[in-house]
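Step one of this worksheet: look at the structure below.
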């Protein structure tokens, strides 16, 4: 799955390389900057993968946590060991969280790597029009990856909870991915404005705030708070469900 | 073994705690340190004498004007022609930096894009990250003060209290001026100056200006329309730091690869333009807007041909207006604009009937 994610920046870079110059303002954000600066491959790839690809892979991993073991019939053997259900749940969530951290990192670093290989690399223009050096640009890139990792923690907690509800891993995965899509659709409807700050996908695309000069940390803080809330709520729900569950398989 | 329901306790407790926290956070914070009471005139004086040229802060603007909201597609892009018009619809966040009269920067923060306006000395830069374009204008050296920016700046000779009295005398006849309960804006206690039109015919319900209790800096403006619960237009600081921002904020060089456009600035030549100026002035006299009514319910009438047939604008106008008797109406919560079939344009902060009546008088 990480390979599939890594394929996104490679595809973008190759496509821009073989095609003619992209006029500014067309296609996903930053696409026109790639030809001038390879580091933007990483940023563009993250813009492209945030709405679907990253939630998709996170949904698969998080949905598989408990339901996958149940589906294979290995869950009861895990529970025979004197480790306790709480600990198993925490370990499973930690596994999903590691993936959540690694996935955006893979996209960013592969993007920067393939961009550096195919395009010139130089000072990076920020959204504010200021330019920063390559080293600082790499830090910003890693910051964006960290932002996306935080953004996806909430979704993975939801996936964990859904995973405790069912013994069919595919069902849990699909439900998680569908939820992420539904949340983004709701976020796009202006009629539901009151709901927007409560949707876990609300701040997903606001990582652009890290590309401003000076950096605006407001959205990072708001996002971290929101995702923390989701982790707490759905972690508690998953705990309640998993502790009281009759494990038959 | 503990009862089963006890295990669900965290699942109930956590959302309850979060809901309680959210509720506590959304309650309006009462001004803990009430400001000494002041009359409207004293508050106006406070505004007039404020001199806070160095600050950095975040502004939040929202409008419910009833204009059709332009579609905002997540990571996509929209036509650059509507970029500035778009500022009137929907919410926006901007960061603002000021240091003295000659250094200012405004960053309008869009999703994955940003629009910048920077003034550094006599250089004025505009930068739009969406299409990577920059524009530059060089202000004439003698025109040091930007009259639009610092309204109550040094070049106004009237003293603050004179100015306040003058302003009050001007608005008093048609407007109730009052100081409402203190408000909290950007964590600062502020006076709330409320202007309410006495006339029933205008669309404007009230205008509230939040004035910082310490410095007299206007912190926010809220315009309420009649028959609408949400403010029609609202702009206010959400955070504010007094003191000079980092000097590097104002230094701007267009990024490599950006398209830079030079905007020519007309020099203000005082003497030799006078002869030429009379001819356009004479031509303008018969297309000067005529004003009927007074105060809040005045109606401005522009003669035919004022709204030039700019191709972009007409297409947009067609979409935004609705056909009414005698022309097309652009209706917003605060202003109605009636484009008559004969080309005249009547506008005013009044209901449609009054516009039609004003149009029929001629």
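Every read-out reported here was derived from the displayed coordinates using simple, explicitly stated rules and does not represent laboratory data. Bear in mind that the values here come from a model prediction, so they are computed numbers and not experimental data. As a convention, Cβ positions derive from the backbone with ideal geometry for all residues, glycine included, and neighbour counts pool all protein chains shown.
Quick notes on this structure:
- Global form of region A:99-249, assessed from the alpha-carbon gyration tensor, a/c cut-off 1.5: prolate
- Contact order, relative form, for region A:173-224: 23 percent (alpha carbon pairs under 8 Å, 6 or more residues apart, mean separation divided by residue count).
- For the segment A:127-137, counting C-beta atoms of other chains within 10 Å of every residue's C-beta and taking the mean gives 5.
- Highest to lowest packing among B:341-353, A:230-242, B:10-22, scored as the average C-beta count within 10 Å: A:230-242, B:341-353, B:10-22
- Relative contact order (%) - criterion: Cα under 8 Å, at least six apart; region: chain A: 27 percent
- From largest to smallest, the equivalent ellipsoid semi-axes obtained for region A:138-196 from the alpha-carbon gyration tensor read 24, 20, 9 Å.
- Counting all C-alpha pairs of region A:169-211, share separated by more than 13 Å (%): 59 percent
- Exposure proxy for A:138, A:1, A:46: other Cβ atoms within 10 Å of each Cβ, ordered fewest to most, give A:1, A:138, A:46.
- Take each residue of peptide A:32-40, count the partner chain Cβ atoms within 10 Å of its Cβ, and average: the result is 2.
- Protection proxy ranking, peptides B:92-100, A:110-118, B:178-186, average beta carbon neighbours within 10 Å, highest first: A:110-118, B:92-100, B:178-186
- Ranked B:322, A:181, criterion: other C-beta atoms within 10 Å, fewest first: B:322, A:181
- Under 18 Å from the residue A:222 label point (7 Å along Cα→beta-carbon), backbone N, region B:176-220: B:185-187
- Between 0 and 90 degrees, the angle of helix A:169-187 with respect to the longest Cα principal axis of chain A falls at about 50 degrees.
- Degrees separating the helix A:134-165 axis from the principal Cα axis of chain A, which is the longest one: 20 degrees
- Nearest-ten-degree value, helix A:40-49 long axis tilted from longest Cα axis of chain A: 40 degrees
- Take the Cβ atoms of residue B:123 and residue B:4, set R0 to 45 Å, and the FRET efficiency comes out at 0.05.
- Extension gain, residue B:260 back to residue B:241 (0.36 nm per residue minus Cα-Cα distance, nm): 3.6 nm
- Inter-chain Cβ neighbour count for B:12-18, averaged per residue, equals 4 (cutoff 10 Å, partner chain atoms only).
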